[in-house]
Amino acid sequence: MAAQSKTAEPRTVAAPDQTPVRKGLRAVTGSVLAKRIGFYLVAGWAAITLNFLLPRLMPGDPASAVLLKMSELGPVSPQREAVIHRLFGGANSGPLWGQYVAYLGGLFRGDFGLSIAFYPTPVTEVVRSGFWWTVILVGTATVISFGIGTTLGVIAGWRPGRRFDSVASPLSIFIHSVPYFWIALIFVFVFAFKFGWLPLAGGAGRDVVPGFTAEFIGSAVQHAILPAATIVVTSISGWLIHMRNMMASVVNEDYVLLAQAKGLAPARVISGYAARNAILPSISGFAVSIGMVVGGSLLTEMVFNYPGLGSLLNQAILNLDYPLMQGLFLVISMTVLVINFIADSVYVLLDPRTREVS
Amino acid sequence: MIKETPSPVLLDVGELTVEYGSGEDAVRAVDGVSFQLRRGEILGVAGESGSGKSTLMTAVTRLQRPPARIASGSVTYHPGGSGSGIDLLASTPAELRELRWESLAVVFQSAMAALNPVMRLGAQFVDAIRAHRRVGRKEAWSRAEELLDLVGIPTNRVRSYPHELSGGMRQRATIALALACEPEIIVMDEPTTAVDVVMQRQIVHRLMRLRRQFGFAIVFVTHDLSLLVELADRIMVMYAGRIVELGSASAIYRDPRHPYSQGLRDSFPPLHGPLRELRGIPGSPPDLRALPTGCAFQPRCPKRLPECASTRPELPLLVEHGAACLLQRSADQATVDESEAVSR
């Protein structure tokens, strides 16, 4: 006991950090969250403003072009004309500042004007019609491929150079280097055309009435399998390679060795220590691809003639449908922001080191 | 002279050889090392970088990673110092898992790297405790608090993440972690190298107190011989993968018999006592791929004899204090001759 008092450490060194840790942590997390929300609000505003400025910076007068096209399709009411000027500027639409306020007002009412390609359907309605097709198809496919690819990457990277790794990694790199549309066309040819196992194109059977019925959902799922499979097959390899490389470097960390030295079961060492740390960079990558789901399905939807946002964007471009393009761009950029915000928040939960205020 | 009966042997390492790679290109990092660890003793392992001391420790604990490979030798663990031994090199991964932490714990050099950055400190204790003991989460957490208290870390730190702790705290936390299942043996690989001298002292004192309290044996690896003199019961000096001197701490400090041990002693200021003139060891550690013939230290040795380049000295067996040096052999020979002469 005498020895104890003699060797007792000067506690004063540690005293300053003895303030209630959890309370402090919560305050820090709160202020970080507020900062992040602020950042995303600014980014959202910037996206909306760019969407306003771009048509006005374009040579010529998109508004007149749009109005000309609209008048070809049918009579244009003065009200509609005002909306087009609000969205794209052009002659006699007043000072820029006034236009900007009117534009923002229109956005908050959800008024993007009428689509030209689908005249006279409002843009909002057109976008809404494609939104869920794309989100469900590409979203599910992205989640599945991330799940499978990352799991396989964990297995390959846990014992780099062993049998599984030496087969999976080169194969992934090969698949990764094949162009997407080529694989998609091969799939269509083999599974839809040659064997006729799955429908060739479309989102659901033509004769099926859309609605929340078993028949419609079954048909939609049947139509989604092939496009989803092409997305999964082509993007799985990227996740696999990424996770495998992170994992292969993390398994050399001392904390993984110490976890093994503690006598933990291998599954626990992998899940709690190795993969748990290796997955952090993949989370950011996953957020980016989820954010791109809405805009990044152009090729898939074109190959499979799928009624999603990608097809709409394609048609908008072909028909010089500026209102629809503007609506789509806004939806795409807002989704990217929202998903990134969610991913950022999840990341903070997953990596305590990012909770520090810097 | 009444001799204390030595404590029973816990860990018996015999002719252990560890190589990096295999075949012709294999580099022998540990070459035929034998030593014993007795119950409750602190065995110091000293040597400069590349002497094979860390490789030896990872091999003894079977934590070596490829390309490191145990080429030959034996590591036998005698639970509680009993006669029956467990061959660690022949144990299956599942058998090893059972022994780990329960009997054999480790402390690594860099505490920052050894703690999982995304797990709360307490959770890393709970993981180890619950892998070996059938206890509830709550109980395991309060055990973690107790352990932190043992090394002087405020118990509310149990919910902190590693990056929220100071370097000294982290290092003490890894030591507390090693005590979680009250092991018989703790292997410490340079646990005080990454902290400042003040913290080093605190850790050493705490370790000695904890050893008195719990009675575990420590293998303490460091390049700092003067630190070992404070801490260790016996010291083993390594050079180029071999033991060049083995003896009690005080004997090695007062009377180092191998020129390398002398050099090592004189390159660190003593923690206590009068200052000595500090001298380094000339030259640099040998290239293990191309070791000099004879004694590996001979090109750097200030007391080199002509035959050192041809004869490799062996560590004398079954002596309290011995050195693998030709000078030593002639000295021993002289003593033997003398005693023979006297007995005649």
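Throughout, read-outs are computed from the coordinates displayed, never taken from laboratory work. Fair warning: this is a prediction, and the values are worked out from it, not measured in the lab. Cβ: placed from backbone, ideal geometry, glycine included. Neighbour counts: every protein chain shown.
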Fewest-first sequence of A:MET247, A:MET58 by Cβ atoms within 10 Å of each Cβ: A:MET58, A:MET247
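Set the Förster radius R0 to 41 Å, insert the Cβ-Cβ distance between A:ALA201 and A:SER284 as r into 1/(1 + (r/R0)^6), and round the FRET efficiency to 0.05. Present the calculation step by step, with values, prior to reporting the outcome.
Details: r = 34 Å, r/R0 = 0.84.
FRET efficiency, A:ALA201 to A:SER284: 0.75.
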Acute angle (nearest 10 degrees) that the helix B:197-214 long axis makes with the longest principal axis of chain B, alpha-carbon atoms: 80 degrees
Ordering of A:34-43, A:256-265 by burial proxy (mean other Cβ atoms within 10 Å per residue, highest first): A:256-265, A:34-43
Amide H partners (placed H, <5 Å) of B:VAL107, local residues excluded: B:VAL187, B:MET188, B:ASP189
Helix A:78-88 axis, angle to chain A major axis (alpha carbon atoms, nearest 10°): 40 degrees
Residue mean of other protein chain beta carbons inside 10 Å, B:116-124: 5
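Starting from the Cα-Cα distance between A:VAL190 and A:GLU125, subtract it from 0.36 nm times their residue separation and give me the gain in nm to one decimal. Display every interim value, and only then the final one.
Working: separation 65, 0.36 × 65 = 23.40 nm, distance 3.56 nm.
The A:VAL190-A:GLU125 span can extend by a further 19.8 nm.
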Distant alpha-carbon pairs in the protein assembly as shown (separation over 42 angstrom), percent: 49 percent
Most mobile of B:GLU314, B:GLU277, B:GLU245 in a GNM of chain B (Cα contacts under 10 Å): B:GLU277
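If a/c stays under 1.5 just call it rounded; otherwise compare a/b with b/c (prolate if a/b is bigger, oblate if not). Do that for the range B:134-226, with a ≥ b ≥ c from the square roots of the Cα gyration tensor eigenvalues.
On the way: a/c = 2.15, a/b = 1.34, b/c = 1.61.
Oblate, since a/c reaches 1.5 and b/c is not below a/b.
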Average beta-carbon neighbours from other chains, 10 Å sphere, peptide A:234-243: 0
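Within a 10 angstrom radius of each residue's Cβ in A:262-270, how many Cβ atoms of other chains show up on average? Whole number is fine.
Numbers: counts 17, 16, 8, 4, 2, 0, 3, 1, 0.
Mean inter-chain Cβ contacts per residue within 10 Å come to 6.
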Packing-based ranking, highest mean first, of A:70-78, A:149-157 given that Cβ atoms within 10 Å are counted: A:149-157, A:70-78
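If I take every Cα pair under 8 Å that is 6 or more residues apart in chain B, average their sequence separation and divide by the length, what percent do I get for the relative contact order? Intermediate values should be presented prior to the final figure.
On the way: 630 pairs, mean separation 63.4, N = 344.
Dividing the mean separation by the residue count of chain B yields 18 percent.
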Pairwise label distance in nanometres, B:ARG69 with B:ARG312, each label 7 Å out on the Cα-Cβ vector: 1.9 nm
Which of B:VAL187, A:VAL178 has the fewest Cβ neighbours within 10 Å, and the rest in rising order: A:VAL178, B:VAL187
Angle between chain A longest axis and helix A:21-57 axis [Cα atoms, degrees, rounded to 10]: 20 degrees
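If I take every Cα pair under 8 Å that is 6 or more residues apart in chain A, average their sequence separation and divide by the length, what percent do I get for the relative contact order? Numbers along the way, then the final one.
On the way: 409 pairs, mean separation 84.7, N = 358.
Reported as a whole number, the value is 24 percent.
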